[in-house]
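Asker: Starting off with a structure, shown below.
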Amino acid sequence: MGEQASRATKKSAKSAPKGAKRSVKAESRLAMVRRARRINRELAEVYPYAHPELDFRNPFELLVATVLSAQTTDLRVNQTTPALFAKYPTPEDMAAAVPEELEEIIRPTGFFRAKAKSLIGLSVALRDAFGGEVPGRLEDLVTLPGVGRKTANVVLGNAFGVPGLTVDTHFGRLVRRWKWTEQEDPEKVEAEIAAIFPKSEWTMLSHRVIFHGRRICHARKPACGACPIAALCPAYGEGETDPEKARKLLKYEMGGYPGQRLAPPPDYPGRPAPPLVTGPANGGSAE
């Protein structure tokens with residue numbers, strides 16, 4: 001187990017309640033906001049290296065990778081995009097792609113025909129309407145084929161430094177578990193969480209929550225006994241509370257396995273993902 005996992009587990013051992021699932025008391029909005037902001041501070045200590053888990057070198061690559069990431073893992077996208085960008089490095093190149101050839105390259109990401117149509121469509125739009133450049137405004141990004149608010153916020157936050165909340169499945173699951181919102185619709189979730197945190201925190205908050213959801217707070221069996229924010233979580237006890245058993249559920253660098261990026265940031269404490277894999281690279285089912 002890595003240093004980050006060890007620190008997180010020690011913290012959870014000190015703060016986590018013993019026994020079964022915690023009973024939830026009524027909580028004022030002010031108390032919820034304070035607890036939410038404390039969770040964010042705690043996650044910042046656990047994941048100081050949190051980052052987007054898609055490999056990219058420019059806004060166009062991030063836009064394309066984010067579109068490809070629908071219904072698949074970031075790992076699978078990262079293993080696919082080197083060949084994709086070698087053949088189609090610019091919107092002009094991708095706009096002129098032969099659909100069948102593009103489909104074959106992105107086939108490993110699933111739904112490859114629909115994704116190829118979106119990629120060619122957005123590339124044509126970038127070429128014809130935006131001078132071959134990815135726009136830096138949400139209202140422009142969401143006009144591109146295959147691009148919704150989630151994808152637009154990923155691009156804005158990580159390629160342009162414009163704060164945004166990325167409401168993916170992990171983010172939505174965790175903020176509901178933590179009782180920050182009861183909303184299911186991503187846009188309503190985004191609006192309610194945006195009201196809790198300063199705008200300057202939105203992008204990094206997204207990374208921290210998604211990191212936590214992928215590594216510890218899993219959908220089917222959260223590792224409650226290894227969770228550093230167990231004492232702040234109203235859903236504590238939904239998953240494995242035994243520390244030893246919980247540690248076996250940790251993924252990526254927390255569990256001593258490779259991460260999702262082939263080219264992670266320099267401060268990432270784990271191992272990079274392999275270019276090609278023959279089985280799960282994170283010690284369990286990918287999330």
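Asker: Taking the residues in the stretch 142-154 that are more than 15 Å from GLU190 (Cβ to Cβ) and among the aliphatic types (A, V, I, L, M) as candidates, determine which candidate is nearest to the chain's Cα centre (by Cα).
Answerer: Out of the qualifying residues, it is VAL147.
Asker: Yes or no: THR72 hydroxyl-bearing (Ser, Thr, Tyr) and over 23 Å from ILE210 (Cβ atoms)?
Answerer: Answer is no for this residue.
Asker: Could you figure out which of (1) more than 24 Å from SER206 (Cβ to Cβ); (2) in contact (Cβ under 8 Å) with a residue 40 or more places away in the chain; (3) of a type in the set (D, E, K, R) isn't true of ARG149?
Answerer: Among (1) more than 24 Å from SER206 (Cβ to Cβ); (2) in contact (Cβ under 8 Å) with a residue 40 or more places away in the chain; (3) of a type in the set (D, E, K, R), the lone unmet condition for ARG149 is (1).
Asker: I've got another one for you. Check TYR47 against each of (1) crowded, with 22+ Cβ neighbours inside 10 Å; (2) in contact with a Pro (Cβ under 9 Å, 6 or more places away or on another chain) and name the one condition it does not meet.
Answerer: Going through the list (1) crowded, with 22+ Cβ neighbours inside 10 Å; (2) in contact with a Pro (Cβ under 9 Å, 6 or more places away or on another chain), TYR47 breaks only (2).
Asker: Could you please let me know if GLU253 is assigned to a helix (DSSP H, G or I), surrounded by 19 or more Cβ atoms within 10 Å (Cβ to Cβ), in contact (Cβ under 8 Å) with a residue 24 or more places away in the chain and not aromatic (Phe, Trp, Tyr)?
Answerer: Yes; evaluated as a whole, the condition is true for this residue.
Asker: Now, a different point. In the stretch 206-237, what residues are part of a loop (DSSP other than H, G, I, E, B) and more than 20 Å from MET32 (Cα to Cα)?
Answerer: ILE216, HIS218, ALA219, ARG220, LYS221, PRO222, ALA223, listed by residue number.
Asker: So ASP140 passes all but one of these: (1) within 19 Å of HIS51 (Cβ to Cβ); (2) in the same structural domain as ARG127 (by TED's automatic domain parsing); (3) of a type in the set (Asp, Glu). Which condition number does it fail?
Answerer: The single condition ASP140 does not satisfy is (1).
Asker: Looking for something of a type in the set (A, V, I, L, M, F, W, C), assigned by TED's automatic domain parsing to the domain that holds LYS179, modelled with pLDDT of 95 or more and over 18 Å from the mean Cα position of the chain (by Cα) - is there at least one such residue anywhere in the stretch 236-257?
Answerer: Taking every residue of the stretch 236-257 in turn, at least one turns out to be of a type in the set (A, V, I, L, M, F, W, C), assigned by TED's automatic domain parsing to the domain that holds LYS179, modelled with pLDDT of 95 or more and over 18 Å from the mean Cα position of the chain (by Cα).
Asker: Still on this structure, I have one more. Across the stretch 163-194, which residue is surrounded by the most Cβ atoms within 10 Å (Cβ to Cβ) among those that are without any contact (Cβ under 8 Å) to a residue 40 or more places away in the chain and touching a Gly at 6+ places or on another chain (Cβ under 8 Å)?
Answerer: The selected residue is VAL189.
Asker: Condition first: crowded, with 19+ Cβ neighbours inside 10 Å and without any contact (Cβ under 8 Å) to a residue 60 or more places away in the chain. Now tell me which residues in the stretch 77-104 satisfy that.
Answerer: Across the stretch 77-104, the qualifying residues are VAL77, THR80, THR81, LEU84, PHE85, TYR88, PRO91, MET94, ALA95, LEU102.
Asker: Please find, within the stretch 198-216, the residue that is farthest from THR166 (Cα to Cα) out of those that are touching a residue at least 40 places away in the same chain (Cβ under 8 Å) and either of a type in the set (Lys, Arg) or in contact with a Lys or Arg (Cβ under 7 Å, 6 or more places away or on another chain) (or both).
Answerer: Per the criteria, the residue is ARG215.
Asker: Being crowded, with 24+ Cβ neighbours inside 10 Å and either at pLDDT below 95 or touching a Phe, Trp or Tyr at 6+ places or on another chain (Cβ under 8 Å) (or both) is the filter here; which residues of the stretch 211-232 pass it?
Answerer: Within the stretch 211-232, HIS212, ARG215, CYS224, CYS227, ALA230 qualify.
The values are calculated or read from the model by the stated rules, or taken from the named source; none is laboratory data. What you see is a predicted model, and the numbers here were worked out from it, not measured in a lab. Cβ: placed from backbone, ideal geometry, glycine included. Neighbour counts: every protein chain shown.
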